[in-house]
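The values are calculated or read from the model by the stated rules, or taken from the named source; none is laboratory data. Since the model is a prediction, treat every value here as computed from it, not as a measurement. Positions of Cβ are generated from backbone atoms using ideal geometry, with glycine treated the same way; all protein chains shown enter the neighbour counts.
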Amino acid sequence: MKFNSPVETNLFDDAKIIGKPTQRVDGPLKVTGTAPYAYERNDAAPDALYGYPLGAAIGHGRITAMDAEAARNAPGVRAVVTTLDIDPLEKGMNNVARLFGGNEVQHYHQAIAVVVAETFEQARAAAARIDVTYEEGEAADLDLDAAFRRVEGSGEPDTLFGDVDAAFRDAAVVTDQMYHTPGESHTMMEPHASTVDWSDGGDMTVWTSNQMINWNHQSIATTFGIEPERIRVESPYVGGGFGAKLWLRADAVLAALGSRAAGVPVKLALPRPMVMNNTTHRSATVQRIRLAANPDGTLKGIWHEAAAYCLPGGRGENATAQTPIFYAGETRRVKNHVLDMPLPETADMRAPGEASGLMALEIAMDEMAEALEMDPVRFRIINDTQVNPSDPDIPFSDRHFVECLERGAEAFGWAERNTSAGGRRDGDWLIGHGVAGAYRGALVLPSGARAILDGGKLIIETDMTDIGTGSYTIIAQTAAETMGMSLDDVEMRMAHSAYPVSSGSGGQFGAPSSTSGVYAACMALREKIAGNLGLQDPTFADGNVVSGETRMSLSDINEEVSAEDAIEWGDFQDGYAMGTFGAHFVEVGVHAYTGETRVRRMLAVCDAGRILNPVTARSQVIGGMVMGVGAALSEDMALDRGRGFFANHDMASYEVAVHADIPDQQVIFLDTLDGVATPLKAKGVGELGLCGAAPAVANAMYNATGIRVRDYPLTMDKFIDQLPSI
Amino acid sequence: MRAFSYEKPANPSEAVARAAEVEGAKFLAGGTNLLDLMKHEIEAPAHVIDVNGLGLDEVTETEDGGLRIGTLVTNTALSAHPRIRRDYPVLTRAIAAGATGQLRNKATTGGNLLQRTRCPYFFDTNMPCNKRSPGSGCGALTEGAFSRQLGVIGTSSSCIATHPSDMAVAMRVLDAIVETVTPSGMTREIAVEDLHLLPGDTPERETALMPGELITHVRLPAPVGGTQAYHKVRDRASYAFALVSVALVRQADGTGRVALGGVAPKPWRRADADAQLPNGAAAVMSVLLDGATPTEENAFKLTLAERTLAAMLKEA
Ligand SMILES: Cc1cc2nc3c(=O)[nH]c(=O)nc-3n(C[C@H](O)[C@H](O)[C@H](O)COP(=O)(O)OP(=O)(O)OC[C@H]3O[C@@H](n4cnc5c(N)ncnc54)[C@H](O)[C@@H]3O)c2cc1C
Ligand code: SF4
């Protein structure tokens, strides 16, 4: 199905299943512990042995020798493969550092050996017996701030319009500040894990935990130089990814090499302490934001320059992602510098770009509102835009940012907010309120599916993944709705390389793309059924196909009918800016003596088109808000600048928010429809909840204390000296 | 984890006798610390003596009106004990501020006192660490290292690790006494004050216990009364070790006792600092933290400790 023009009305406008609160269909499997996760595929590979990885012990350099003799002779060991045993493997999609092979160490904990043994404990103990000699690389300058100062002002701007210099010269009010966001780790509950059967070195089966079946499939083929047809990839359940599992990683590669060497299936999960440095993370950023405004609050200029690090050839966080498009304003200058540094690999993490960019921009907006003596909600409303500011011929497909702010202000009680530093107290706690805008692009990707009607059952096959988001459920809802069947009639088969290629899960493109693909397949199935029965323009409702006087129950169709299709996105979408929008409102308490900060309540109002399932969508948004609390208050990959690695590499020391950090959370979805975006008029919402949540906390802290902290996480060491004296 | 042999003796004298006999033996209580360290091969005992069969899991009254706590009393049970809650509330609060419900269910009184530092370089066997591997250097004291969590006082140029326990800080402020059985079968007593050693040049030596010496009980003297409080400061609200914690006992006349956690290789208390309590937080800290040698990253702990105590004094 080619999506060639905006949808007017279609069957989803009278939806009975889509848009209705629906519990996740895979819920019972998960709460009974019977959903088969990658490391527990005892159903598929009951004889799998245990693999255990060894990570490099230096930041970067070379391995000069490895002695694996003791490991090979250790009890229970069936195979040991060291990185010196094989040539460097080819790199799969978006792998920057190689995953295995050769003597070069590009980052700490890069995989350098795998041990296969009969028990997990034996494999782990043997891996510790491998003796490695290194030659350390030259110490590198890992000071991102200094690096930013060196490149500041250089290079062609990524976005430039209007006379920026004049705007800043003539503006009534100008703000100019530096902001810092730290490296962040995905730290999903399930570490990267795979079970691989490559016992005979021929065909390979990979049971893995990955967000993107097709990319993974292709990358395995490239990495090992084998035909994709010989590889089968399954990833039916993923215990969180947040972008960490978009790409092929060392777990699958090591399990495959171990399996071939031992001649048996092998399962391998990255030990938690390896996840932070072995896999990818969100790079730290340095950002300078200058705003220029007229006395009436309209923005004259936005000047955003940022830097992030990455390994040579890689991608760092682009914190300027939202700046060209989010707010109105006559002039703009935007530049992101990506600087090479020998650190662990950086790549996408939930809302890559916007998450870090809004952490700075939305503080800057708060600062400007204050300089203008204007309500920050009002200041944002004044600077709303319905067109792409850098290309005013391009309208937003559907944008209700103002309504998010207004509804939020109303529901939160913004009018009764604290208005002066220290103005509101609860015992020793200074109470403050903050707002921030949320923006995240609404990307869609081609996505395919097969729909099969078989004896009254509707079977959906697609390689789409469910990374805990609810894909099984919303896809089943889409299919049932399109076919006029009930949810119970639908059998979902997903996340298998044998099924049609879907968008996969990432960048909040999964839900809008994959449901569209399933809609396409179901429409193709409808056409086939109509053709088979010789019916003209039939309707499908209540389990029946109806045309004129003819009414037939779909369960009475005896032979199997199958149709496959994919959604493809027409060029017309290039004529629009597509995004999702929101507003976050937060109340915090900052302890007047200690600077401890606790969030007391949070509200997000979201504009993301049709909400396919309010239950799973709300879970996504509150999950994003939780991540925002972590980003604001505690998450920080602690860089050892001398050694070039992240020292706090476990869940006790890399502090994500815990239950006790999370207060009452409210989510309001605006009832919006975006017919430009998808046939279902839906957009993604999985990342929107994170965007803007952290700066809303930051602004609330400022509101409480009068102390502006621009360096995340906003821990007390950064401002305790400025708290009121005791 | 290295392979090890295991046994579960039935009484304390058997346990110490076996510990004396078998080289490299270690006692295992709740295992919440030891097993982690063994998995990382930070510790690799050849023999593990499980003390969970020794009894020693009761809280009894002593003649002087205090309590005698068996070493195997769990953190959960101890913090919930009615006498502790009534007469030693600082201990209840300190324990409840530590770790998580699951961990506290397993963690024991003796094990908690003997838990080892959470210094990230101690935990990463690729890194130098004088405590884990004497003479290899201190990973946390090199240029650019991550030291935000580590100690500011009582540390040395060999090691700046802290003792991470919350419970121990309350035990210190209550002047608890540790009862042991030595390898030769003698019983002895060690004040909690003297249990943990400062690192000096030998950070691998952490306690006054001899190898194979078994903690059997921890004794609390008669209740000291007063208003008691424990304030633990951390970045997230739970499941994090203290940046700074303060245990306070304050009498109606303004005198009292104060001990700090999160700042030193042992619960940090000084009699001459206690004496300053009537003069306020700044006066206490000017004595208690005198001679502190923080790193650039953890200097904030000095301010934080003073402000935390100030907040508590206002309440108490
Ligand atoms: C993730 C995590 C978070 C935590 N957070 C906190 C926190 O916030 N605050 C806090 O205070 N603690 C915290 N802890 C630590 C926890 O309190 C300790 O692990 C626990 O108290 C140790 O008790 P155990 O009985 O499990 O000791 P074990 O692990 O069994 O033993 C610890 C040590 O004591 C020795 N030992 C045990 N019993 C005896 C005995 N009777 N005689 C002689 N030697 C003995 C063992 O040989 C071993 O060396 C945390 C732990 C974890 C894993
Ligand atoms: S501070 Fe102590 S425990 Fe930490 S690395 Fe240095 S010597 Fe080891």
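Consider only pairs whose beta carbons are under 7 Å apart and that are at least six residues apart or on different chains; among these, list those whose first residue lies in the range A:609-627 and is more than 15 Å from residue A:657 (Cβ to Cβ) and whose second residue is in a helix (DSSP H, G or I) and among the β-branched types (Val, Ile, Thr).
What qualifies is A:612/A:474; A:612/A:515; A:613/A:473; A:613/A:474; A:616/A:473; A:616/A:474.
Just one of (1) more than 16 Å from ligand 2 (Cβ to nearest atom); (2) more than 19 Å from residue B:168 (Cα to Cα); (3) out of contact with any helix residue (DSSP H, G or I) (no Cβ under 8 Å at 6 or more places or on another chain) trips up residue B:36, so point out which.
Looking at each condition in turn, residue B:36 falls short on (1).
Report yes if residue B:102 is more than 11 Å from chain A (Cβ to nearest Cβ) and without any contact (Cβ under 8 Å) to a residue 60 or more places away in the chain, otherwise no.
Criteria met by residue B:102.
Only one of these conditions is not met by residue B:69: (1) within 18 Å of the chain's Cα centre (by Cα); (2) away from ligand 2 (no atom under 12 Å from the Cβ); (3) under 20 Å from residue B:240 (Cβ atoms). Which number is it?
Of (1) within 18 Å of the chain's Cα centre (by Cα); (2) away from ligand 2 (no atom under 12 Å from the Cβ); (3) under 20 Å from residue B:240 (Cβ atoms), only one is false for residue B:69: (3).
Residues A:154, A:199: which one is closer than 21 Å to residue A:331 by Cα, in a loop (DSSP other than H, G, I, E, B) and not basic (Lys, Arg)?
Going through A:154, A:199 in turn, the sole match is A:154.
Working only within the range B:143-159, note down all residues that are in contact with a helix residue (DSSP H, G or I) (Cβ under 9 Å, 6 or more places away or on another chain) and more than 9 Å from ligand 2 (Cβ to nearest atom).
Selection gives B:146, B:148, B:149, B:152, B:153, B:157.
Find the residue count for the range B:143-160, including only residues that are in contact with a strand residue (DSSP E or B) (Cβ under 8 Å, 6 or more places away or on another chain) and either within 12 Å of chain A (Cβ to nearest Cβ) or within 16 Å of ligand 1 (Cβ to nearest atom) (or both).
Of the residues in that region, 3 qualify.
For (1) in contact with a Cys (Cβ under 8 Å, 6 or more places away or on another chain); (2) crowded, with 24+ Cβ neighbours inside 10 Å; (3) within 14 Å of chain B (Cβ to nearest Cβ), each residue gets a yes or a no:
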{"residue": "A:615", "(1), (2), (3)": "no, no, no"}
{"residue": "A:623", "(1), (2), (3)": "no, no, no"}
{"residue": "A:632", "(1), (2), (3)": "no, yes, yes"}
{"residue": "A:687", "(1), (2), (3)": "no, yes, no"}
{"residue": "A:693", "(1), (2), (3)": "no, yes, no"}
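Looking at the range B:160-170, can you tell me whether even one residue there is over 22 Å from residue B:37 (Cβ atoms), more than 8 Å from ligand 2 (Cβ to nearest atom) and buried (at least 23 other Cβ atoms within 10 Å of the Cβ)?
Within the range B:160-170, one or more residues are over 22 Å from residue B:37 (Cβ atoms), more than 8 Å from ligand 2 (Cβ to nearest atom) and buried (at least 23 other Cβ atoms within 10 Å of the Cβ).
Residue by residue through the range B:262-293, note down the ones that are surrounded by 18 or more Cβ atoms within 10 Å (Cβ to Cβ) and within 11 Å of chain A (Cβ to nearest Cβ).
Within the range B:262-293, just B:281 meets the criteria.
Here are some conditions: (1) charged (D, E, K, R); (2) crowded, with 22+ Cβ neighbours inside 10 Å; (3) away from every other protein chain (no Cβ under 13 Å). Residue A:664 meets all but one. Which one does it not meet?
Condition (2) is where residue A:664 drops out.
Please give the helices (runs of 4 or more DSSP H) falling wholly within the range A:41-151 in which 3 or more residues are within 14 Å of chain B (Cβ to nearest Cβ) and in contact with a helix residue (DSSP H, G or I) (Cβ under 8 Å, 6 or more places away or on another chain).
So the answer is A:120-127.
Restricting to the range B:43-55, name every residue that is farther than 17 Å from residue B:210 by Cβ, in a loop (DSSP other than H, G, I, E, B) and more than 16 Å from ligand 2 (Cβ to nearest atom).
Hits for the range B:43-55 are B:44, B:46, B:54, B:55.
Give the range B:14-42 a look and list any residue that's touching a strand residue (DSSP E or B) at 6+ places or on another chain (Cβ under 7 Å), outside any strand (DSSP E or B) and of a type outside the set (Val, Ile, Thr), or say none.
Scanning the range B:14-42 gives B:15, B:18, B:19, B:24, B:29, B:30, B:34.
Taking the range B:225-249, which residues are more than 21 Å from residue B:152 (Cα to Cα) and buried (at least 24 other Cβ atoms within 10 Å of the Cβ)?
Answer for the range B:225-249, where residues must be more than 21 Å from residue B:152 (Cα to Cα) and buried (at least 24 other Cβ atoms within 10 Å of the Cβ): B:228, B:249.
Failed condition for residue B:140, given (1) surrounded by fewer than 24 Cβ atoms within 10 Å (Cβ to Cβ); (2) within 21 Å of the chain's Cα centre (by Cα); (3) more than 14 Å from ligand 1 (Cβ to nearest atom), with all others met?
Among (1) surrounded by fewer than 24 Cβ atoms within 10 Å (Cβ to Cβ); (2) within 21 Å of the chain's Cα centre (by Cα); (3) more than 14 Å from ligand 1 (Cβ to nearest atom), residue B:140 violates only (1).
Residues to consider are A:700, A:647, A:677; find the one that is in contact with a strand residue (DSSP E or B) (Cβ under 7 Å, 6 or more places away or on another chain) and within 7 Å of chain B (Cβ to nearest Cβ).
Criteria check complete, one pass: A:647.
In the list A:259, A:194, A:235, which residue meets the criterion of being modelled with pLDDT of 95 or more and within 18 Å of the chain's Cα centre (by Cα)?
A:235
Given the conditions (1) outside any helix (DSSP H, G or I); (2) surrounded by fewer than 24 Cβ atoms within 10 Å (Cβ to Cβ), which single one is not true for residue A:351?
Of (1) outside any helix (DSSP H, G or I); (2) surrounded by fewer than 24 Cβ atoms within 10 Å (Cβ to Cβ), only one is false for residue A:351: (2).
Which of the residues that make up the range A:143-191 are crowded, with 20+ Cβ neighbours inside 10 Å and within 16 Å of residue A:340 (Cβ to Cβ)?
The answer is A:144, A:148, A:183.
So which of B:54, B:28 is more than 14 Å from every other protein chain (Cβ to nearest Cβ) and within 30 Å of residue A:54 (Cβ to Cβ)?
B:28
Just checking, does the range A:495-512 include any residue being more than 28 Å from residue A:220 (Cα to Cα) and touching a Phe, Trp or Tyr at 6+ places or on another chain (Cβ under 9 Å)?
No, because not a single residue in the range A:495-512 is more than 28 Å from residue A:220 (Cα to Cα) and touching a Phe, Trp or Tyr at 6+ places or on another chain (Cβ under 9 Å).
Quick one: would you say residue B:133 is modelled with pLDDT of 95 or more, more than 11 Å from ligand 1 (Cβ to nearest atom) and surrounded by fewer than 24 Cβ atoms within 10 Å (Cβ to Cβ)?
yes
Take the range A:325-347 and flag every residue that is without any contact (Cβ under 8 Å) to a residue 40 or more places away in the chain and among the hydroxyl-bearing types (Ser, Thr, Tyr).
none
Where residues in the range B:115-132 are in contact with an Asp or Glu (Cβ under 8 Å, 6 or more places away or on another chain) and within 17 Å of residue B:36 (Cα to Cα), which of them is farthest from ligand 2 (Cβ to nearest atom)?
Going through the qualifying residues, I end up with B:125.
Taking the range A:466-516 as the region of interest, how many residues are out of contact with any strand residue (DSSP E or B) (no Cβ under 9 Å at 6 or more places or on another chain) and more than 29 Å from residue A:607 (Cβ to Cβ)?
Here the count works out to 2.
Out of all the residues in the range B:81-97, is one or more buried (at least 18 other Cβ atoms within 10 Å of the Cβ), near ligand 1 (Cβ under 10 Å from one of its atoms), closer than 16 Å to residue B:241 by Cα and away from every other protein chain (no Cβ under 14 Å)?
yes
Any residue that is part of a loop (DSSP other than H, G, I, E, B) and surrounded by 18 or more Cβ atoms within 10 Å (Cβ to Cβ) - is there at least one of those in the range A:211-229?
Looking through the range A:211-229, at least one residue is part of a loop (DSSP other than H, G, I, E, B) and surrounded by 18 or more Cβ atoms within 10 Å (Cβ to Cβ).
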